[in-house]
1. Tabulate in residue order the Karplus-calculated ³J(HN,Hα) for the stretch 102-116, using 6.51 cos²θ - 1.76 cosθ + 1.60 with θ = phi - 60°, rounded to whole Hz; enter x for Gly and Pro.
2. If the only charges are +1 at each Lys and Arg Cβ and -1 at each Asp and Glu Cβ, what is the size of the charge dipole of the stretch 164-298 around the Cα centre, to the nearest 20 debye?
3. What nm value, rounded to one decimal, do you get for the distance between Ser187 and Ala481 when each label is placed 7 Å out toward the C-beta?
4. Indicate the gyration tensor shape class of the stretch 498-539 (rounded, prolate or oblate), computed on the Cα atoms with a ≥ b ≥ c the square roots of the eigenvalues: a/c under 1.5 is rounded; otherwise a/b larger than b/c is prolate and the rest oblate.
5. Order by neighbour count: Thr78, Thr151, fewest other Cβ atoms within 10 Å first, most last.
6. Thr21's amide H: which non-local residues (gap 5+, or another chain) put their own amide H closer than 5 Å, with H modeled 1.01 Å from N in plane and none for Pro or chain starts?
7. Taking the simple approach of a point 7 Å from Cα along Cα-to-Cβ for both Tyr434 and Arg533, what is their distance in nm?
8. Dipole of the stretch 260-376 (Lys/Arg Cβ +1, Asp/Glu Cβ -1, origin at the Cα centre): which of Leu318, Val280, Gln338 lies farthest to the positive side?
Amino acid sequence: MAALSQDDPCSFSRPDECKVTEIHLNLEVDFSSRKLLGYVDLSVQRVKDGVPNLILDTRDIAIQKILDADNSQELKFTLGENTESFGSKLEVQLPVLASKSNKIRVHYETSPQCSALQWLRPEQTAGKRHPYLFSQCQAIHARSMVPCQDTPGVKVPYTAKVTAPREITILMSAVRLNPQAHPSDNSKLVHQFEQKVPIPTYLIAIVGGDLESKTIGPRSRVWTEKEMLEEAAYEFSETENMIKIAEDLMGPYIWGQYDLLVLPPSFPYGGMENPCLTFVTPTLLAGDKSLADVVAHEISHSWTGNLVTNKNWEHFWLNEGHTVFVERKITGRLHSGQSLSHFMALGRAKDLNETIEVVLKNGPYTRLIPDLKGVDPDDAFSIVPYEKGFTLLFYLETLLGGSAVFEKFLKAYIEKFKQQSIDSDQWKDFLYSYFTDKREVLDGVEWDKWFYDQGMPPVIPIYDDSLAVPCRELCQKWSSAGEKELEQFNPSDLKSFSSVQVREFLAQLLEQPPLSNTKIQKMEELYKLNAVRNSEVRFRWLRLSIKAQWKDAIPRVLAFVNEQGRMKFVRPLYRDLYSWEESRPIAIENFTKHRSEMHNTTATMLAKDLKLS
Ligand code: BES
Ligand code: ZN
């Protein structure tokens, strides 16, 4: 395979030689052929003299022609063969005599298999009247939607004109300008967007559907199909308060608008920090705002990730570790006290343990900074960069003098690196230069172990566990009780528990040996957990039911994995079904039956999990 750039093992591009400086998209959304068609204008600047070619990333893209945008002359190009992890390399011969900068126009269309896009038929939407389209570009799917330098090391502003049927609302990760009439077809509208802040390509995003919006704050609206609009507005009503806390921690919010989009249930993630328009899963609609920490997380990315960006996906923890760290500070301040944010950290530390020991078996992806040469970042994705990253920052905060001191560092870090892409060494160098008077303390940190060792973090901090105590006690009671001692339990056991505590109680039980059928059925009889709609509670309850080999639970698990496609829920449940011989064939059959309706990434990952590819 051809050499990849030194700076990003997951991109063919060579921004060190020739760099894209602006993107303008002009595309039409065609629901009938499931394609985006049109062109992209790329402004390019030669970084090294005499570089003849511009190298771009693509995947499943059909290129019609490439022009010099200034004089419409055709440019020669070669499209390399498709590689499974990174797509195809596109080399464009730049005009020889031209100055240091050029603009090229690539005429292209996407394929119906485009990995960044999911196209939904009207029947797959809540309203059932219009088709729907959404993108998910992180980590390396932007190249399937736009030929580009698909590396987070390159940041560019973008503008877009998107033509779509009049009844479809189009939104992007940018500021909306007024739509224009279509020059020749009255059934269509041309939507216009502008993102002035330079962003990495993984933050380019588009959605199209029968969308409506409701204002939820001075700079925020929530967008979704009208069936879910009121519910969504209620669930995310704390948005402005969260943004204000984030501004207090990290400086002004520079993106103008902060809107939320609630997607159809097949959206594969909890949330995605697309600038100006965070995408979230409808599984956050719990009815009691209890899952809004995901919104605090995505808001935080407006600084950690979208302003200060990981240089490549090996340094993904810089994005996610800092974001989780800030997310928990927001949760703490909103609920005035550390107990809730420590409780969340404690809960996730258990998930980290399961991921590292059981799922990844202490393997290479359990490093904070993994080696991604030849690796598709989707394959390496896990909560390790999130929670190991968080643990490192939390440990450093305590070590360096507490939150008042460390929050000042956080602000200085954003100020120092905003609008740049950096790696872990730059982060560490800045930490050392900021805390010059604490050099010895910093030298005591086992940096190599934190950065490069496999397995659990070298230091596990002590958290305030006051909220976890009742969960642990009830869990102990259930696991130690004999089959004949179950009358000690009654429905009021959970009465004083918040929904996050119920979630934690079940998570604790998941760490214990499986419950017997008698016990799990007694638990259902008393606590009525089958009726709980909160997705985080439901997820853990279903896992517990399958681990207890409770046959009646199989259809309930299938219903849950079929009605939503969030990978965090779907992958472990399929794994659980797969490891019990009774449910393994049922899991495979269910997956095969629903595969074509699923999001491309989810389907690809599940096929690997079920050893079907
Ligand atoms: N940026 C991520 C989602 C992501 C990461 C998509 C890598 C594709 C590749 C987003 O900010 C995120 O972390 N979402 C979490 C929620 C969070 C509260 C941990 C999720 O989806 O669960
Ligand atoms: Zn995140």
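1. Result, rounded to whole Hz: 9, 10, 10, 10, 9, 8, 7, 9, 7, 9, x, 8, 2, 6, 7.
2. Values: 10 positive and 19 negative charges, 101 e Å.
Computed charge dipole of the stretch 164-298: roughly 480 debye.
3. 6.3 nm
4. On the way: a/c = 2.14, a/b = 1.22, b/c = 1.75.
Taking the square roots of the gyration eigenvalues as a ≥ b ≥ c, the stretch 498-539 is oblate.
5. In increasing order of surrounding Cβ atoms, one gets Thr78, Thr151.
6. Amide H to amide H, under 5 Å and 5 or more residues apart or across chains, Thr21 pairs with Ser43, Val44, Gln45.
7. Placing both labels 7 Å beyond Cα along the Cβ direction yields 4.2 nm.
8. The residue sitting farthest along the positive end of the dipole is Gln338.
Here, each number is a calculation from the coordinates, and none is a lab measurement. None of these values were measured; they are calculated from a predicted model. Backbone-built Cβ (ideal geometry, glycine too); neighbour counts: all protein chains shown.
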